[in-house]
Amino acid sequence: MSTHENKLCRLIVREHFGPVVEKVANVLIRKGRMPVGMIARITSLTSKRVRECLFVMIQHNIAVYAETQEKTRMVTYYEVNRPELLNRAQIPKVLRSSREWYEREGESIAQTMLLHGKLTITECINDIVAHAGYDKRTSAQRIASLKKSFTRMVKEKCLIAVRPSDSLTATDRDMAEEKRETDKMTLPPTAAEMAAIRRTLGSQRDQELSKTNIVGLKRTLDSVDTDGGDKRRRLDFGELTINEEVEADVFFKINYERFIIRWRNTQIAELYEARLNPTAKTIMNTILTLAEERMINCKEDLSLDLAETLEFQQQELGINGSKPKTGECLDKYIEILEADLMQILKKDGGRTGQYVINLKAASKIMKKNLIQTVISSRFGSPYVRIMNMLLDKGKLEEKMISKFSMMPVKDVREKLTTLCTFGVLNLQEVPKSQDRTPSRTFYLWEVILTRAADALVDRLYHTMGNLRQRRFVEKAKRAVLLSKCERTDVQANDSLLNAAEKKELDTLSGILEMLEVQELRIAQVVMTLRDF
Amino acid sequence: MDFSNDTEKLFYETCLKGDGLTTQEFNTQYPDATAKDMALSVNALLTKGFIEVFQVRGELIYKAIKKEESGKSGSLMGEEQLVYNTIRASANEGIWTKHLKSKTNLHEAVIKRCLRTLEHKAMVKAIKSVKYPTRKLYMLMELTPSVEVTGGPWFTDQELDVDFVEQLTNACYKFVLTKSFPRDNSCIFTTEHTAYPSAQMVLKYIMDKRISQVDLSVDDITMLLDVLVYDGKIERFLNVVDDNWDDEEDTDTDWVYKAVRDKKAESAWQDCPCGVCPVAEFCTESGPINPAGCNYYAKWLDF
Ligand code: SF4
């Protein structure tokens, strides 16, 4: 929660919701949770205004609240939902991916959802159709296809149902659950009991997450005759189909997490492309897609109950048509993938034919690669050498580093300090004697990958904030021109703009594009470091 | 070797047999030698440099010096001999003048004088150590300094020869690279492929091509390859062991190396001014350095 992150959050709010909401958000971002009255006092807005702002933020899922009993009255505290807010930086990418995965319909749905924060299926579709202005017949068609895409998006968890508990903070939710448990007891719980409660609640939560049925999706069996019989058998034979329908009264929102999982999966596959070849990527991609449905969030590693197992079926992979005589080639390829030193794809010991994807290893490799490229393009390859060595060997002293990296000690020393100020290295002192004299102290250097990633993310937030601010500045510089462009008569007839103005507009759009694209690219880097 | 009397000879030969001898021991073995005789011969032997004397727990122990070794010190006298022997004891590690002084208990000026004569006679030489660049070490002329002292083949004049290291590293990388992928660049080897080079093979290649003038060992090459591993250019792994593997001695060559495909090292961050900005630490939203008035941006966005 550095100042850089705060600034970025604030600028995102400014761009998406305007200056008034920004004021409110700013207070919440900087000072943490607080009730309406306090916000109003600090921002010197009327409390009605504040309420409106908070409403907007809650509608867009970037604010959460908690109610507590204070003496006789209930006080509601509001808080910013940071992850959700920072995810908004990814919106352009979300839209593009929706188009890729669900075509035009998907994009319109995603766009509408983002515009309104949360919507039910009917609201969403009506909104799209109303804006498109179709005649009766085409609109009926469109509705049908939109419905289909919407259902698919829900089924694939790109859209997720909003439940009342979502507007509470996660910690509040956990605390409430814990309280419920402890209230049942007569005595205050011991530490061990408390831990046990937390454990059971935690596992309950995990179960909830990994449940296969999706909230907001009704499953019905679609069949003409209902005279019973073995349903399962008939399902298998295709006489019955499962009909899935989105419940009309459930509100949905964009599930960034799922998008991020998919992006991550493509990135994992791309790792293989770089190391091996495009075919390897295709195969890996297919494997990951097969496993994707059961992935819950990006932070899981390969603990047993969350293991990404998949039944390996040759035909399924073969569809990709990697090579003629697919079966054999495929076997070979899988072998290669498995033997690869990244060790992401592994055969599950014991059960035959099942493969496991080591997500943790994959994310570590991706992070490492990323930090490496940053270091090497900023400082040069000798620095990367030092970093990798420390990652491999753990804590080392200057002399050892110099010896293993085959660089003179004085160069090494200088590089170490540079890296340390950059935030990649950690220094640990081990004094040999009580008095801690520097000359009788070992100085051990090490790289802690997560900490390095955090340090880098902070710098990237700074950059993103700067890019965004510059974008506002560039727009503000040309405010007069822009407001002219928005006049209805100018919009109708662009000959009202003279040549110089047109040129200026071109420059502006070029600049904005550059800044936006750059911010998006950096957002992607941040995603790798933070979310994967 | 010439001994002036039988006692001398006897004493020397007894010394030669064992691993250190005291006068008592000698006495029990040869009771007919008188104490005076013995003292005289020991003294004579010591001056001739045929035996050495040590003091262990208050006892004097004598040790014979082999004929070949004593050859040179025999021609020296007194202090010089002492200095020479101390230097010889340090073998190929060399000995620092300070240590020499404390070991011999001689005055610095005396040691200096001895060293000068010894150097003059081309019996010892002065070397420098990589570990302690400020110390002057002495060792026998005919010895080559140990790796500890010289730092191995990578050091020229006590300094790491960066260029040499880099050249060799590159050569190693190129060699590994050619062995890592099939000729056709889009193909990859299957898992059955086992012809990845080991350090031994790299060494052979380097020596055959005469890339290095210096003699290198497998360990030296391994160091270079390790550096390449850290550079992220190659990877090290254990080769799949053959089924008919029974060559127990060959365990050193298990590690083989394989090049990593070149990653395009581009980072989105460095593409914009902030990623390479020297004053980023001071850049705040509305401070004296800020994105709004930033010149780097102005340049970047100028088309
Ligand atoms: S905005 Fe300008 S001054 Fe600030 S960090 Fe970026 S390049 Fe540097």
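The values are calculated or read from the model by the stated rules, or taken from the named source; none is laboratory data. Just so it is clear, the model here is predicted, and its values are computed rather than measured. We place every Cβ from the backbone using ideal geometry, glycine too, and count neighbours over all the protein chains shown. Surface areas here come from the heavy atoms of the whole protein model, side chains and all, with no ligands, DNA or RNA. Shrake-Rupley method; radii C 1.70, N 1.55, O 1.52, S 1.80 Å.
The mean number of partner chain beta-carbon atoms within 10 angstrom of a residue's beta-carbon across peptide A:459-470 is 6. Once the C-beta distance of residue A:421 and residue A:191 is scaled by a Förster radius of 45 Å, the resulting FRET efficiency is 0.65 to the nearest 0.05.
Across chain B, Cα pairs under 8 Å and at least six residues apart give a relative contact order of 10 percent. Accessible surface buried by the A/B pair amounts to about 4300 Å², both sides summed, 1.4 Å probe.
Could you give the size of the charge dipole of chain B about its Cα centre, using +1 on the Cβ of each K and R and -1 on the Cβ of each D and E, expressed in debye and rounded to the nearest 20? Let's see the in-between values first.
Working: 35 positive and 48 negative charges, 311 e Å.
That gives a dipole near 1500 debye.
Taking the centroid of alpha carbons for each part, the range A:458-506 and the range A:369-404 are 44 Å apart. For chain B, the longest principal axis of the Cα atoms and the long axis of helix B:218-230 meet at an angle of about 30 degrees. What accessible surface, in Å², does a 1.4 Å probe find on residue A:488, ignoring ligands, DNA and RNA and rounding to the nearest 10? About 110 Å², rounded to the nearest 10.
The label-point distance for residue A:184 and residue A:517, in a model that sets each label 7 Å from Cα toward Cβ, rounds to 5.9 nm.
Subtract the Cα-Cα distance of residue A:395 and residue A:175 from 0.36 nm times their separation in residues, and report this length gain in nm to one decimal.
Values: separation 220, 0.36 × 220 = 79.20 nm, distance 3.91 nm.
Between residue A:395 and residue A:175, full extension yields an extra 75.3 nm.
The shape of chain B comes out prolate: with a ≥ b ≥ c from the C-alpha gyration tensor, a/c is at least 1.5 and a/b beats b/c. As an exercise, use a Förster radius of 41 Å and the Cβ-Cβ distance of residue A:413 and residue A:165 to find the FRET efficiency, rounded to the nearest 0.05. The pair residue A:413/residue A:165 has a calculated efficiency of 0.15. Computed over chain B with a Gaussian network model linking Cα atoms closer than 10 Å, the most mobile of B:80, B:235, B:285 is B:285. Model label points for residue A:473 and residue A:504, set 7 angstrom from Cα along the Cα-to-Cβ axis, are 1.9 nm apart. Label positions at residue B:59 and residue A:435, each projected 7 Å from the Cα along the C-beta direction, are separated by 4.2 nm. Accessible surface for the range A:371-436, divided over its residues, is 49 Å² per residue with a 1.4 Å probe. Judged by the gyration tensor of its Cα atoms, with axes a ≥ b ≥ c, the range B:1-73 is oblate; a/c meets the 1.5 cut and b/c is at least as large as a/b.
The residues of the range B:1-73 present an accessible area of 63 Å² per residue when probed at 1.4 Å with all protein chains retained. What the Cβ-Cβ distance of residue B:43 and residue A:428 gives, at R0 = 45 Å and to the nearest 0.05, is a FRET efficiency of 0.15. For the peptide B:289-301, the mean number of other protein chain Cβ atoms found within 10 angstrom of a residue's Cβ is 4.
Comparing B:16, B:160, B:137 in a Gaussian network model of chain B (Cα springs below 10 Å), the most mobile by mean-square fluctuation is B:16.
Considering only A:56, A:32, A:80, the residue lying farthest towards the positive end of the dipole of the range A:3-80 is A:32, judged by Cα position with unit charges set on Cβ.
What shape does the range A:62-160 take by its C-alpha gyration tensor, where a ≥ b ≥ c are the square roots of the eigenvalues and a/c under 1.5 counts as rounded, a/b above b/c as prolate, and the rest as oblate? Prolate shape, in that a/c is at least 1.5 and a/b is the bigger ratio.
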